[in-house]
Amino acid sequence: MDELQFRRSIYEDPHSTDEDILNAKASDPSKQKFAKEIQQLDDKILNALKVPVPDDMVQKLILRQALESHQQQKKKKRVHLALAASVAFAMGLTLNFMNFSTAYTTVGDYAFAHTEFEASHFSNADEAKVSLASLNKKMAAFHGNFSDNLGQLIFADYCRFDGMKSLHLVFKGETSPVNVFILPNDVDIAFTNSFSNQQLNGKSMQFKDANIIVVGDKSEALDKWQDNIKSNVTWSI
Amino acid sequence: MATKQVRYEALVKALHADLYRYAYWLCREKQVAEDLVQETFLRAWRALDSLKDEKAAKSWLITILRRENARRFERKRFEMSEYEEATITDTQSMSSEQDIENHWLREKIGSLPEEYREPLVLQVIGGFSGEEIADLLSLNKNTVMTRLFRARNQLKEALEKEPEVRGTYNG
């Protein structure tokens with residue numbers, strides 16, 4: 001290694017552990033002296049570069065980070081709270097939807113379900129104990145009035161028809177009770193004119209303010225019931 | 001969480017001095033250097049999970065700090081002015097020969113071109129090799145070695161040229 005190359009290498013890195021440089025130093029005292037000189041210069045440079053560091057720097061750095069992570073945790077807590085609130089809200093909506101939404105798609109489905117569910121409470125042998133006057137009192141809620149008895153009325157009361165207030169009438173039929181539902185026009189399930197299942201038939205009529213649904217067993221002449229209702233009912237404005 | 005905290009504090013204790021000194025020689029203002037280090041460690045804390053190799057911690061922090069410094073120039077381009085050079089002056093009392101020499105040398109290092117000073121600081125304070133400095137500064141190794149050579153060469157010449165000037169500090 002020539003002199004110039006050696007000097008340059010020492011300037012570049014006085015503490016180099018490169019083998020060529022170590023060998024050059026070992027074999028030439030003047031090179032060794034030069035290297036030592038530059039190393040001393042480097043010690044001075046190191047001392048000069050070591051400017052005093054502020055005493056409280058470590059504490060400040062840790063404090064700043066502690067504040068930052070506290071802030072982050074607060075943000076996280078807020079996010080968690082928001083998440084929990086969203087979940088609660090969604091659950092509330094779902095519950096609401098399940099409770100109050102239509103489980104039946106047509107008035108027919110519902111009328112059958114209602115009839116079958118309450119069938120055990122009524123028997124064709126029950127005494128007809130509801131008078132025309134008390135029926136008409138209840139009909140007033142639907143702005144309707146019956147001019148004459150439709151048949152032998154076993155039961156008449158308000159009930160929930162798909163969440164709507166409706167009037168449920170049970171008459172004596174040929175072999176089993178006939179159910180008549182009077183419900184407001186604004187029920188949000190599909191209207192069907194006639195419907196049936198294995199045991200029951202049903203027919204519905206639309207009036208201005210209300211629908212009237214008749215459900216009876218297969219032996220019942222529902223047309224006759226419908227005609228009877230049509231000719232008997234009057235609607236006040 | 002606790003281990004992240006422990007890692008962070010260890011990192012601060014081990015490297016804050018080197019980082020502060022590097023920052024100081026980058027901007028040569030104590031307050032700005034301190035702010036840079038604060039900002040750097042804060043970013044380091046946020047991204048600590050991405051630091052996989054503790055041995056790479058120092059160069060990782062230096063990279064963050066350089067980026068922060070560059071950002072400072074984007075923000076404050078119009079606030080920077082030349083006379084800030086005067087603030088290099090150390091206010092510490094110069095009692096010993098050593099302090100006087102340090103002070104004098106600091107001025108010389110401060111007046112080195114930035115492109116020579118930065119590799120020198122990284123080598124002497126940071127203990128980085130030529131390759132590592134080349135990586136950090138996105139330069140090739142030969143350029144880095146040339147700059148290191150010129151930095152020392154200029155400082156040596158300055159030292160040899162001005163013994164009398166240095167003497168006046170004693171008076």
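What follows draws every value from the coordinates through simple rules; no lab data is involved. In this text the structure is predicted, and so the values were computed from the model without any measurement. Every residue, glycine as well, gets a Cβ built from its backbone with ideal geometry; the counts of neighbours run over all protein chains shown.
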Peptides B:34-41, A:49-56: what's the order by average Cβ count within 10 Å, highest mean first?
B:34-41, A:49-56
Sequence gap at least 6, Cα distance under 8 Å: using those rules, report the relative contact order of segment A:168-237 to the nearest whole percent.
29
For B:138-151, mean number of other protein chain Cβ atoms within 10 Å:
2
What are the ³J(HN,Hα) couplings of segment A:176-184, residue after residue, when phi is run through the Karplus curve with 6.51, -1.76, 1.60 and θ = phi - 60°? Round to Hz, x for glycine and proline.
9, x, 9, 9, 10, 10, 10, 9, x
Efficiency by 1/(1 + (r/R0)^6): what FRET value for B:D135 and A:K77, r their Cβ-Cβ distance, R0 = 35 Å, to the nearest 0.05?
0.30
What shape does the protein assembly as shown take by its C-alpha gyration tensor, where a ≥ b ≥ c are the square roots of the eigenvalues and a/c under 1.5 counts as rounded, a/b above b/c as prolate, and the rest as oblate?
prolate
Neighbour net charge for B:R152 - beta-carbon separation under 15 angstrom, K R +1, D E -1:
+1
Ranked by how many other beta carbons lie within 10 Å on average, peptides B:100-113, A:23-36, A:69-82 from highest
B:100-113, A:23-36, A:69-82
Long-range amide H partners of A:T192 with built H, under 5 Å
A:V107, A:G108
Using Cα centres only, tell me the gap between segment B:96-134 and segment A:3-37 in whole Å.
20
Unit charges on C-beta of K, R, D, E only; dipole of chain A, Debye:
800
Length gain on complete extension for the stretch A:N197 to A:T175, per 0.36 nm per residue less the alpha carbon to alpha carbon distance?
6.2 nm
Below 10 angstrom from the Cβ of A:W235, what's the summed charge of the other residues (Lys, Arg +1; Asp, Glu -1)?
0
Note: A:59-72 gets an average of partner chain Cβ contacts (10 Å, Cβ to Cβ) equal to 5
Based on DSSP H assignment, which helices of chain A show an axial Cα extent of at least 27 Å together with a mean Kyte-Doolittle hydropathy greater than or equal to -1.0?
A:29-49, A:57-100
Could you grab the relative contact order for segment B:1-52? Cα pairs under 8 Å, six or more apart, rounded to a whole percent.
35
Over segment A:150-237, volume per residue of the alpha carbon convex hull, in Å³
99
